[in-house]
Amino acid sequence: MATELMLSEKLKQQIRDAQQQLKTALPNYRNRPGQNKLIAEMANIVAGQYHRHDRIGLVEAGTGTGKSLAYLLATLPVAIARQKKLIVATATVALQEQLINKDIPFFRQHSAIEFEYNLVKGRSRYACIERLKQQLVQPDLLTSAERSQYAVLERLNEAWRQRSWLGDRDTLPTVVDDALWHSISADPYHCSKHDKRHHHCPFHLARAEINDAQLLVVNHSLLLADLAAGNAILPPPEDCIYVIDEAHHLPACGRDYFAAFAQLSQPGLWLDRLGILASQLIQSLPETSLKDLLKLDDYRNELLSLLKPVERSLNDWQSRWFSNPEQTEHRFEHAALPKLWQQQAEPIASCAQKTLSLLDKISAAVGEVAITSAKRKSQSKLLQELSQLAQKLEQQQALWQLYAQPQPEPAYQARWVVNDNQQQLTAHACPLSVANTLEQLLFSQAHACILCSATLTVLNSFDHIKYELGLTGHPGLQTLRVDSPFAYQQNGVIVIPKMQHEPTASAYTDELISMLPAFLPEQQASLVLFASYWQMQQVAQALRVKGFSLLVQGEASRQTLLSQHSENCQHKKTSILFGTQSFSEGLDLPGTLLTNLVITKLPFAVPTSPLEAAMSEAVTRKGGNPFVQLAIPATARKLVQACGRLLRQEQDQGRIVILDRRLVTKSYGKAMLDTLPPFQRQIEY
């Protein structure tokens, strides 16, 4: 047993040989000690060299360290030798595409390691070919809007027949709008594997390929969904080695996934519709389903009787919660719900769950009824409506299940309501931390787990991410930090100019408008990052009056802006991109595509969202300081990510201008500056 849990000489040699093969195949390869260290340490962690049972590592690998090839080299040979699946999870589509289209094919071609790999996507990313065909069978039954899309459906069907289209949303051969896609996408009601007609639908074919692959690529959301569903798609965690890339996103992604919302206004509208459908189904389903249909109507009435008092209570509460006409959100301080809601929560969650289970059973019966092709379209529409009602039930069940959980001091949920323009009230709940859930579903069960990112540390420490992920108590936890091999000192400079005002001053925007032109050199590529849309638009408007040509986020699609920027740079024209927070991460502008980065102000989040306000409240209740414990770490990480846009390749050069004097004047400024790569610094006094 002990030898099995060690990295054998045979495995070490296989990793060394594969690395040598990859070096030979890589153009302009340079030996990087950092990458060698990554490979050795990650292989030791997953093989159990440090701890026989608790095989887990936090790995920060700077830009240019060759992180993805390193973790494939370190973990795939171990996974194959131990007959485990390697699951690589990413947060962004950009990294997923890079792995599937570039890194993994290159690795398989040149490493001499034989393996199959697969991209695993959620069901709704696939079309149901049977649904598509049903819409083509009887065009005379189509609405005028659907008829205009008939040619698109024909093209999709032909592309699937020739297998030039894989049947998923990501490889569509033509533009398909959301409504049309929704009408042909796979869901459990329309595309059941128990129905022979659907065996050759893309979703089921893709799922069948999972068993043959040694390496599966997923996104964070699908990984969490599968763990929560008890491993419906992926193997159980004890049979998997996980590499969770972009792991700094995992806590927020987990909060989003385990959050819930549901509409509280007018529950009778959709529950009455469920009753009408149940009555209609009595005519078309066999007698064996009669008992279930009658029971469904009973459950529906029970759920309505539980939701009605909540709906009636809204009349009293709304005037108090939304006394200001501008206010659209109301947060429940300390997660304290109205007493009636607290009493109703458990019964509503329980009733919604049993109604949902019964509806699933009835929908399966509808799908199994043998019908003529003439009636197939009406059956499809019926299944679509049942699917939409099931979604409503799922939302109610998830929300009230969270509301039923008693909240200690301080609360561990954010709870709030949103009032839209139509006076429709939606209730929300979100966990403040997913540490316990991740521990229970993933970390305590996994054979091994590597969590990596270019920005895992905060203020040069792993403590913050350990706390967020709930890893502080793991005896085998290893941490590793490998810096970027780039020559930051020689190739880049951070400039902090002298300014009259800090960003909190009302005159700051005017000073920004007057100063910025001096930091936008001609015939260069500039990216200017703003902390708010409002400020970006104010500055853009003023600079255009001064004659500047700008590419501003939101005025065209991201892809269109970047294509125009690239074209400007190719013709050696001045090109200036304006963007907000989403442009500070995942934007790859190598070489001459970015030589001048301007960060207008430190990206402090204003704790106005109900979730952020609840997190601040919880820290305060524990005697902590939310600014120090939440705001500074989050801002420091965002600043590192923003500065990471500048040098993307070893030979890149440029400068970063930060127009925020707080890096110099505030006590936290030096610590934030010290977390950035070691650029030269020019600080004006």
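The set of residues in the stretch 123-134 that are closer than 17 Å to R169 by Cβ, open to solvent by less than 40 Å² (accessible area, probe 1.4 Å) and of a type outside the set (D, E, K, R) comprises Y126, A127, C128, I129, L132.
Here's the yes/no breakdown for (1) in contact with a Cys (Cβ under 6 Å, 6 or more places away or on another chain); (2) surrounded by fewer than 18 Cβ atoms within 10 Å (Cβ to Cβ); (3) under 23 Å from K339 (Cα atoms):
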| residue | (1), (2), (3) |
| --- | --- |
| L281 | no, no, no |
| S289 | no, no, no |
| L293 | no, no, no |
| L303 | yes, no, yes |
| V310 | no, no, yes |
| W317 | no, yes, yes |
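For the stretch 13-54, a tally of residues being polar (S, T, N, Q), outside any helix (DSSP H, G or I) and over 18 Å from C240 (Cα atoms) returns 2.
Restricting attention to the stretch 33-70 and to residues that are touching a Cys at 6+ places or on another chain (Cβ under 8 Å) and of a type in the set (D, E, K, R), the residue that is modelled with the lowest pLDDT turns out to be K67. Only one entry of V93, V176, V78, V152 meets the criterion of being more than 16 Å from A213 (Cβ to Cβ) and open to solvent by 70 Å² or more (accessible area, probe 1.4 Å), and that entry is V93. Please pick out the residue among Q384, Q379, Q401 that is in a helix (DSSP H, G or I), under 30 Å from the mean Cα position of the chain (by Cα) and farther than 21 Å from H428 by Cβ. That would be Q384, the only listed residue that is in a helix (DSSP H, G or I), under 30 Å from the mean Cα position of the chain (by Cα) and farther than 21 Å from H428 by Cβ.
Going through (1) modelled with pLDDT of 95 or more; (2) within 28 Å of T92 (Cβ to Cβ); (3) among the polar types (S, T, N, Q); (4) open to solvent by 20 Å² or more (accessible area, probe 1.4 Å) one by one, S549 falls short only on (2). The residues of the stretch 533-592 that are among the hydrophobic types (A, V, I, L, M, F, W, C), outside any helix (DSSP H, G or I), without any contact (Cβ under 8 Å) to a residue 40 or more places away in the chain and in contact with a strand residue (DSSP E or B) (Cβ under 7 Å, 6 or more places away or on another chain), listed by number, are F548, L550, L551, V552. Criterion first (part of a helix (DSSP H, G or I), within 34 Å of the chain's Cα centre (by Cα) and modelled with pLDDT of 95 or more) does Q318 satisfy it? Answer is no for this residue.
Residue count for the stretch 98-131 under the criterion of being without any contact (Cβ under 8 Å) to a residue 24 or more places away in the chain and within 30 Å of Y150 (Cβ to Cβ): the result is 0.
Residue by residue, here is whether (1) assigned to a strand (DSSP E or B); (2) modelled with pLDDT of 90 or more; (3) open to solvent by 70 Å² or more (accessible area, probe 1.4 Å) holds:
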| site | (1), (2), (3) |
| --- | --- |
| Q353 | no, yes, yes |
| L356 | no, yes, no |
| L359 | no, yes, no |
| K375 | no, no, yes |
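Against the test of being open to solvent by less than 30 Å² (accessible area, probe 1.4 Å) and either closer than 24 Å to A454 by Cβ or aromatic (F, W, Y) (or both), the options R645, R661 yield a single qualifying residue, R645. Of the strands (runs of 3 or more DSSP E) lying entirely inside the stretch 174-267, those containing at least 2 residues that are in contact with a Phe, Trp or Tyr (Cβ under 8 Å, 6 or more places away or on another chain) span 215-219. Residue selection: S506 satisfies the criterion of being polar (S, T, N, Q) and more than 25 Å from the chain's Cα centre (by Cα). As a summary of the residue check, N419 satisfies the conditions (1) touching a Ser or Thr at 6+ places or on another chain (Cβ under 7 Å); (2) more than 30 Å from S667 (Cβ to Cβ); (3) open to solvent by 40 Å² or more (accessible area, probe 1.4 Å); (4) polar (S, T, N, Q) except for the one numbered (3).
The helices (runs of 4 or more DSSP H) found entirely in the stretch 632-685 that carry 2 or more residues being of a type in the set (S, T, N, Q) are 632-643.
Selection over the stretch 280-315 of residues that are within 17 Å of L386 (Cα to Cα) and β-branched (V, I, T) gives a count of 1. Can you confirm whether the stretch 55-75 contains a residue that is in contact (Cβ under 8 Å) with a residue 40 or more places away in the chain, more than 20 Å from V482 (Cα to Cα) and outside any loop (DSSP other than H, G, I, E, B)? Checked the stretch 55-75: no residue is in contact (Cβ under 8 Å) with a residue 40 or more places away in the chain, more than 20 Å from V482 (Cα to Cα) and outside any loop (DSSP other than H, G, I, E, B).
Only a single item in (1) closer than 22 Å to L306 by Cα; (2) basic (K, R); (3) modelled with pLDDT under 95 is not met by K392, and it is number (3). Taking the stretch 108-136 as the range and being modelled with pLDDT of 90 or more and out of contact with any strand residue (DSSP E or B) (no Cβ under 9 Å at 6 or more places or on another chain) as the test, the residues that pass are Q109, H110, S111, A112, I113, E114, I129.
Selection over the stretch 76-132 of residues that are in a loop (DSSP other than H, G, I, E, B) and either of a type outside the set (S, T, Y) or under 21 Å from Q19 (Cα atoms) (or both) gives a count of 14.
Residues in the stretch 442-483 that are among the β-branched types (V, I, T) and within 29 Å of D588 (Cβ to Cβ) were compared, and the one that is surrounded by the fewest Cβ atoms within 10 Å (Cβ to Cβ) is T479. Quick one: would you say H571 is touching a helix residue (DSSP H, G or I) at 6+ places or on another chain (Cβ under 7 Å) and open to solvent by 30 Å² or more (accessible area, probe 1.4 Å)? No: the conditions fail for H571.
The values are calculated or read from the model by the stated rules, or taken from the named source; none is laboratory data. It should be emphasised that the depicted structure is a prediction, and the values quoted were computed from it without experimental measurement. Every residue, glycine as well, gets a Cβ built from its backbone with ideal geometry; the counts of neighbours run over all protein chains shown. Note: areas computed on protein heavy atoms with side chains; ligands, DNA, RNA excluded. Shrake-Rupley method; radii C 1.70, N 1.55, O 1.52, S 1.80 Å.
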